[in-house]
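Following: one structure in structure tokens, then a few remarks.
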Amino acid sequence: MAQKRIVSGIRPTGKMHLGHLHGALLNWKRLQEGYKCFFFIADWHALTSEYAHPGIIRESTYDMLLDWLSIGLDPEKCTFFIQSRIKEHAELNLIFSMITPLAWLERNPTYKEQLRELSQKNVQTYGFLGYPVLQAADILMYKASGVPVGEDQAPHVELTREIARRFNHLYGEVFTVPDTLLTPTSRLLGIDRRKMSKSYNNAIFLTDTDEEIDERVGRMITDPQRARRNDPGDPDVCNVFSIHQIYSDPEIVKNINMECRSSDIGCVECKKKMADSLKKGLEPIRARRKELELDMKKVRDIIEDGNSRAMAIARETMKEVKEAVKI
Ligand code: TRP
Ligand code: SF4
């Protein structure tokens, strides 16, 4: 039986950090074993918020691809592509925009939240309101059966499903209605305990050097109740401990769990141990990345190959769409 397809994308607004790794990329890596995966760099989507300073977009496109490859996403199993290279996405976005009621976009909770959160950027634009319509085009173009996304993106996939149904109802069955494959939310927070994000300046990046890791881990906020060295701590609310749980040996984790509660270990020492485990854990990723950086031709070939595979499918879909819409 033909493998089912999944589609997902990330906006190129910087390098990948631990939040991406444990929130999305490692999930993609598991999925590549069972699905035909289409993973793309959503540069048009990045432009909706970065249009005033778009330099970061091109800068991070290859950075992101290198990060994806170095964590073990495999070009034999996945098709990687750049959204803006497949013009058909824009064409399908246009057609979907004709059949998408404004009310669907205006009531979208992610949209409302971002209008509030991104108040320092002017996102009161036509393009930003239409963000989920373009996303529907990304997904439906490849007739994906599933879309792996985090909780915040679930409303967008819901909208995609509604657009697919509406199109099929109006013009005949062209599109598959995809399922949301909800990625379990990662427990990792940024060094200030907020959600890890480049824009909060609280991230640990996959490409950080040992020195950068030491420095960032050193600045991490631990259990906020543990003010003094002799206060007992609670590892369950400590982000340093969350990283220990992923990167340290079970034996170390077990000990810290006890010694923190009995104040037998201080946060400085605990952080040192964590930073060591983290560096060790990230080492294979960094090594792989160094190798890839020495062979950028190969990396460019991977993306060009992906672009052409994506394009071939996009052309087929657009043929069907035009037939259906009779245009
Ligand atoms: N909106 C997604 C995000 O901000 C990125 C994205 C664009 C996407 N197109 C997509 C995700 C299609 C999944 C499928 O994270
Ligand atoms: Fe967190 Fe470790 Fe400090 Fe406990 S000892 S509060 S787990 S950093």
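Read-outs: derived from the displayed coordinates by stated rules, not from any lab. The shown structure was predicted, so the numbers you read here are calculated from the model rather than taken from an experiment. Here the Cβ positions follow ideal geometry from the backbone for every residue, glycine too, while neighbour counts run over all protein chains shown.
When Lys and Arg each count +1 and Asp and Glu each count -1, what net charge do the other residues less than 12 Å away from N255, Cβ to Cβ, add up to?
Charge balance near N255 sits at -2.
Compute, for the chain, the length of the dipole vector about the Cα centre, with Cβ point charges of +1 (Lys, Arg) and -1 (Asp, Glu) only. Units Debye, rounded to 20.
With only Lys, Arg, Asp and Glu charged at Cβ, the dipole is about 480 debye.
Please give the net charge around D208, taking every other residue with its beta carbon less than 11 angstrom from that of D208, where Lys and Arg add +1 and Asp and Glu add -1.
Result for the local shell: -1.
Show the residues, 5+ positions off or on another chain, whose built amide H is closer than 5 Å to the amide H of K195.
Sorted by chain and number, the residues that satisfy this are G190.
For K322 and M258, FRET efficiency with R0 = 41 Å and r from the beta-carbon atoms, rounded to 0.05?
With a Förster radius of 41 Å, E is 0.05.
Mind listing the long-range amide H neighbours of F40? Cut-off is under 5 Å, sequence gap 5 or more, other chains count too, H placed in the peptide plane at 1.01 Å from N.
When sequence neighbours closer than 5 places are left aside, the close amide H contacts are S8, G9, I10, F81.
Considering all alpha-carbon pairs of region 208-289, what whole percent are spaced by more than 20 angstrom? If you can, show how the numbers build up before the last one.
On the way: 982 of 3321 pairs.
Cα-Cα pairs of region 208-289 separated by over 20 Å account for 30 percent.
Taking 35 Å as R0, compute the FRET efficiency from the Cβ-Cβ separation of E162 and D236 and round it to 0.05. Intermediate results must be reported in sequence, preceding the final value.
On the way: r = 40 Å, r/R0 = 1.13.
That gives a FRET efficiency of 0.30.
Which value, in debye to the nearest 20, describes the size of the charge dipole of region 208-289 about its Cα centre when Lys and Arg Cβ atoms bear +1, Asp and Glu Cβ atoms bear -1, and nothing else is charged?
120 debye
Which three lengths, in whole Å and largest first, does the chain cover when its Cα atoms are put on their principal axes?
74, 44, 41
What does the charge count around T317 come to, taking other residues whose C-beta lies under 11 Å from its C-beta (Lys +1, Arg +1, Asp -1, Glu -1)?
With Lys, Arg at +1 and Asp, Glu at -1, the net is -1.
Which of V7, V237, V217, V268 has the fewest other C-beta atoms within 10 Å, and how do the rest follow up to the most? Don't jump to the answer; show the numbers that get you there.
Values: V7 27, V237 14, V217 22, V268 10.
With the fewest neighbours first, V7, V237, V217, V268 line up as V268, V237, V217, V7.
Take the Cα radius of gyration of region 1-129 and divide it by 2.2 N^0.38 Å, with N its residue count; two decimals is plenty.
1.15
Which whole number in µm²/s is D for region 186-327 by Stokes-Einstein, with the Kirkwood Rh taken over Cα pairs at 37 °C and 0.692 mPa s?
So the translational diffusion coefficient is about 180 µm²/s.
Could you go through region 182-195 in sequence order and give the Karplus-derived ³J(HN,Hα) for each residue, using 6.51 cos²θ - 1.76 cosθ + 1.60 with θ = phi - 60°, rounded to whole Hz, and x for Gly and Pro?
Ordered by residue, 3J(HN,Hα) equals 5, 7, x, 5, 6, 7, 6, 10, x, 5, 9, 6, 8, 4 Hz.
Under unit Cβ charges (Lys, Arg +1; Asp, Glu -1), what dipole magnitude, rounded to 20 debye, does region 90-202 have relative to its Cα centre?
Computed charge dipole of region 90-202: roughly 360 debye.
Report, by chain and number, residues whose modeled amide H sits under 5 Å from the one on G72, excluding near sequence neighbours (fewer than 5 apart, same chain).
Correct list: empty.
Which ³J(HN,Hα) values in Hz, rounded to whole numbers, follow from the phi angles of region 10-17 under the Karplus curve 6.51 cos²θ - 1.76 cosθ + 1.60, where θ = phi - 60° and Gly and Pro get x?
Working through the residues one at a time gives 10, 7, x, 10, x, 6, 7, 10 Hz.
Mind putting together the pair-distance distribution for region 69-221? All Cα pairs, 5 Å bins, whole percent per bin, short to long.
2, 8, 13, 16, 17, 15, 13, 9, 5, 2, 1, 0
Mark the label point 7 Å from the Cα of R286 along Cα→Cβ and return the residues of region 163-207 whose backbone N is within less than 13 Å of it.
205-207, by backbone N distance to the label point.
What nm value, rounded to one decimal, do you get for the distance between D295 and D249 when each label is placed 7 Å out toward the C-beta?
In this crude spin-label approximation the distance works out to 3.4 nm.
Just the isolated ones, please: cysteines in the chain lacking another cysteine beta carbon under 4.7 angstrom.
Cysteines of the chain left without a disulfide-compatible partner: C238, C260, C267, C270.
In sequence order, what are the phi-derived ³J(HN,Hα) couplings for region 84-93 according to the Karplus relation 6.51 cos²θ - 1.76 cosθ + 1.60 with θ = phi - 60°, rounded to whole Hz, with x for glycine and proline?
Residue by residue, region 84-93 yields 5, 7, 10, 4, 4, 4, 5, 5, 5, 4 Hz.
What is the P(r) of region 151-219, as percent of Cα-Cα pairs per 10 Å bin from 0?
Taking all Cα pairs of region 151-219, the binned fractions are 18, 29, 19, 17, 13, 4 percent.
Place a label point 7 angstrom from the Cα of E91 along the Cα-to-Cβ direction, then list the residues of region 299-327 whose backbone nitrogen is under 14 Å away.
Residues 311-327 qualify, since their backbone N sits under 14 Å from the label point.
Calculate for the chain the 222 nm mean residue ellipticity that helices alone would give, adding -39,500 (n - 2.57) per DSSP H run of length 4 or more and normalising by residue count, nearest 500 deg cm²/dmol.
About -17000 deg cm²/dmol.
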